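The block underneath contains the structure these notes are about, expressed in structure tokens.
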Amino acid sequence: MNATAVSELMADRPGDLAQEDSGFKFGLLALALGMGTRSLLRLVPPGYYRPPYTVLMFLIGVCLEVANVEFFSIDVSMETWKKVHPNFILFGLVPPLLFESSFNVDWHVFLRVLPSSMLLAGPAVVLSAAVVAFVVTPVINIWIPSFSLSGGFLVGSIVCATDPVAVTALLQELGAPGRLGMLVEGEALLNDASAVMLFLIFAENLRDESLQLTAASLTTKFVYLGVGAIAWGVLMGYMTYMWLKAFRDVTIDITCLVVGVFVVFYVGEHTLHVSGILSVVVYGLFLARNKSFAMKHDELEENHGFWQEAAFLSNTFIFIISGVL
């Protein structure tokens, strides 16, 4: 298609292009604000407090919504993004973020802290959700008498997920051992998966009140979601590893991993009905263990750079959209 044909097509669709252009403006603004925020954080001298990047992007999103900026139709563009389907965040932005964290871990350190991380991300998460449930349920019952304990557990599963960004940054500033930092990161990585599994279980229980959720049924569902996700993640990780090892080409490496990440998440969630988040985490950990056998050093460096950029973009859009909403 030549330039003349493109111009004629644009002239025939002014309304559609205006709508697409408005969404493009906010996307470009978000990237510019993310770049500027990260640049300012880099200028903070060592030893001084650096606010977490994600928190700053969330606050920037809130400020944009409150200010209702009309310059260059930014307000119209924000309305376009506010109407985006939640699955755009869940399926488009979350998987790269999870994969980058798991793919770039120091496998040998992670293996040493894995038992402790599993203890904190498993039983400790369930205990945390239970404590929150028993605390918030009677409080909410003051305003909503019909609010059940299952609703309290649903709230608990939402708030028990931890974010290690601020903690790991503080540990680095204090010169804490790398093993302690990996323990926090590993717990948070597995915690995301276990918290979402709890959320899915209690959400299903609330949708169907006939379901009797006992300790045995909760354990059974939790194990099914977890074991199925682990098996699926390992299977896809092995297939990807064999593909990467066969070709050893950086373009093929990156493309194969991008396809693999989204296939693992989507099939896990929609076809196998297991935890897509845990599947991606296991997929990334399997490749973190074996990537040095499948890729050359320069390929590893380029892959790490690509996924760090993907995680940065995901964080930027997730938190600035959250702030706007």
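The figures follow:
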read-out: Rounded percent of accessible protein surface that carbon and sulfur make up, the range 96-161, 1.4 Å probe; value: 77 percent
read-out: Carbon/sulfur fraction of accessible area - the range 255-325, other protein chains in place, 1.4 Å, %; value: 63 percent
read-out: S117 accessible area, 1.4 Å probe, all protein chains in place, Å² to nearest 10; value: 0 Å²
read-out: Accessible-area value, K245, 1.4 Å probe, nucleic acids and ligands omitted, Å²; value: 90 Å²
read-out: List W243, W307, ordered by accessible area with a 1.4 Å probe, largest first; value: W243, W307
read-out: Solvent exposure ordering (accessible area, 1.4 Å, most first) of I158, I74; value: I158, I74
read-out: Karplus-derived 3J(HN,Hα), 6.51/-1.76/1.60, for each residue of the range 113-118, Hz, glycine and proline x; value: 9, 4, x, 5, 5, 5
read-out: Prolate/oblate/rounded label for the range 272-315 (Cα gyration tensor, a/c 1.5); value: oblate
read-out: Per residue accessible area in Å² of the range 16-162, where ligands, DNA and RNA are left out and the probe is 1.4 Å; value: 58 Å²
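The values are calculated or read from the model by the stated rules, or taken from the named source; none is laboratory data. Since we're looking at a predicted model, the values are computed, not measured. The area values use the complete protein model at the heavy-atom level, side chains included, leaving out ligands, DNA and RNA. Shrake-Rupley method; radii C 1.70, N 1.55, O 1.52, S 1.80 Å.
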